[in-house]
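Read through the structure below, which is laid out as structure tokens, and then see the notes.
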Amino acid sequence: MTRQLAISVRRDHTLIGLFEDQKLVDLFLDRPDQESAVGNIYVGRVVRVLNNIQAAFIDIGLPKDGFLAGDDALPYPHAPAKARHGALGDMIKTGQIIPVQVEKDEISDKGKKLTMDLSIPGRYLVYFPYQKHKINISKRVEDRKERKRLRDLLTEVKGSDQGAWIVRTVAEGATKKDLQYDARNLLSVWKETAARIEKAAEPILIHRELTPIEQVLRDHYSDDFDRILIDNLRAKQHIDRFIRSLQPKRLIPRRVTEYMEPDELLTTFGFKKELERAMSRKVWLDCGGYLIIEETETLTAIDVNTGKNVKGGSGMEAITRTNLEAAEEIGRQIRLRGIGGIIVVDFIDMKSSKDIQKVVSNLHRSLSKDKTAFDITPFSEIGLVQITRKRTGESLITLLSEDCPHCNGNGRILTLRG
């Protein structure tokens, strides 16, 4: 399998596409006018504590106050051992200065969702400074020997720090030097962040998360990448430096990135076509069937249809084939579109429990390529499957477009230029 990253830098936005065997599997958008705050750490002032709903509003120095739920609060500045079980009003007080981190950007009229359980993510590890000492290994690292090896290595290299750690899926096969490099970097970042928190006396940004391009490289770049293609020389130089900072230099190929002329890159990777497809309600399947994807504020509905030109086979064979292909494409579309929250899929009815299990397996396999947390419920009696996927911000269609003023909001107009 070939893996390539294509980065197209425009005047008002940057598109980042992850391709596997020439097929777009992940699409990321960086727009300076819609900058995400997810991962940013602020010192905020408690504006109001609502004990009846166990929530608080926090001034973090932005136009709109952030929202802190009781489950995301810690009894700052005390040790977090007593957290999670007391009333919110016993943990924080109106007027108090507290450190918080953005978990979700503003969605519609809702303010940013905040947490006091701070985390510092790295390439292989995530560090939680306010949690009790423990080490968790990603569930996607399934080999028991590998899980033990990673736990033993991290125990050895992390030192005497008392925080909690998560070993990420990408750490599978990592060396002691890899984990040591990452752990030291995270502890250094936290030391600097903690010092700034201690000095802060008013709402202020303390620590800024990486840019979208840097996050994609941190989370997705690996030695099996064939090429990283960029159509901007200044961005290429920055990315070269950033990749070499991710891990020891000996692991980084000399030729990390390649420059490609802007028009050539857009044509070669078909960004415009893929963007149009990611905004379309109808997505065609190779078998002749299609998906209808409808996003609303409360949920996303995906309807699977056989269409009129399903290739060969009996009726049930055609239905099963359509559902199998749809399950694979649904995982890809959810990733591409950045759809979060509740997703309800209406598959075509099947009678065979064996066929149903095949479709479920395909859906799990497709979604397991996603780094965002998700959960799938079993098929209902009427063929519905519910997927819940962690939502961190607006979906791609919301970021890329606006309601059409000529069709009562039933259509969308692309807002990207250049």
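Just one of (1) more than 25 Å from residue 23 (Cα to Cα); (2) outside any helix (DSSP H, G or I); (3) at pLDDT 90 or above fails for residue 234. It is (2). Applying the condition of being exposed (fewer than 13 other Cβ atoms within 10 Å of the Cβ) and at pLDDT 90 or above to the range 261-300 and asking which residue is farthest from residue 7 (Cα to Cα) yields 294. Quick one: in the range 258-310, which of the residues that are of a type in the set (Gly, Ala, Ser) and under 24 Å from the mean Cα position of the chain (by Cα) is nearest to residue 350 (Cα to Cα)? Filtering the range 258-310 for residues that are of a type in the set (Gly, Ala, Ser) and under 24 Å from the mean Cα position of the chain (by Cα), the one nearest to residue 350 (Cα to Cα) comes out as 301.
Any residue that is among the basic types (Lys, Arg) and exposed (fewer than 15 other Cβ atoms within 10 Å of the Cβ) - is there at least one of those in the range 155-172? No: the range 155-172 contains no residue that is among the basic types (Lys, Arg) and exposed (fewer than 15 other Cβ atoms within 10 Å of the Cβ). The criterion of at least 2 residues that are aliphatic (A, V, I, L, M) and under 30 Å from residue 295 (Cα atoms) is met by the following strands (runs of 3 or more DSSP E) wholly inside the range 57-171: 66-69.
Identify all residues within the range 20-66 that are buried (at least 21 other Cβ atoms within 10 Å of the Cβ) and aromatic (Phe, Trp, Tyr); write none if there are none. Residue satisfying the conditions is 42 alone.
Restricting 330, 382, 356 to those that are of a type in the set (Val, Ile, Thr), closer than 26 Å to residue 106 by Cα and free of Cβ contacts under 8 Å to residues at least 60 places away in the same chain reduces the list to 330.
Table: residues versus (1) without any contact (Cβ under 8 Å) to a residue 60 or more places away in the chain; (2) within 29 Å of residue 203 (Cβ to Cβ); (3) of a type in the set (S, T, N, Q).
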site: 4; (1), (2), (3): no, no, yes
site: 19; (1), (2), (3): no, no, no
site: 24; (1), (2), (3): no, no, no
site: 30; (1), (2), (3): no, yes, no
site: 33; (1), (2), (3): yes, yes, no
site: 41; (1), (2), (3): no, yes, no
site: 46; (1), (2), (3): yes, yes, no
site: 53; (1), (2), (3): yes, yes, no
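Checked against the criterion of being within 23 Å of the chain's Cα centre (by Cα), closer than 30 Å to residue 243 by Cβ and either at pLDDT 90 or above or not assigned by TED's automatic domain parsing to the domain that holds residue 245 (or both), the range 146-163 has no qualifying residue. Cβ-Cβ distances below 6 Å connect the following pairs, each with a first residue in the range 181-196 that is of a type outside the set (S, T, N, Q), a second residue that is in a helix (DSSP H, G or I), and a separation of six or more residues or different chains: 183/157. Checked against (1) at positive phi; (2) modelled with pLDDT under 85; (3) touching a strand residue (DSSP E or B) at 6+ places or on another chain (Cβ under 6 Å), residue 22 meets all criteria but (3).
The values are calculated or read from the model by the stated rules, or taken from the named source; none is laboratory data. Model, not experiment: these values are computed from the prediction. Note: ideal-geometry Cβ built from the backbone for every residue, glycine included; neighbour counts use all protein chains shown.
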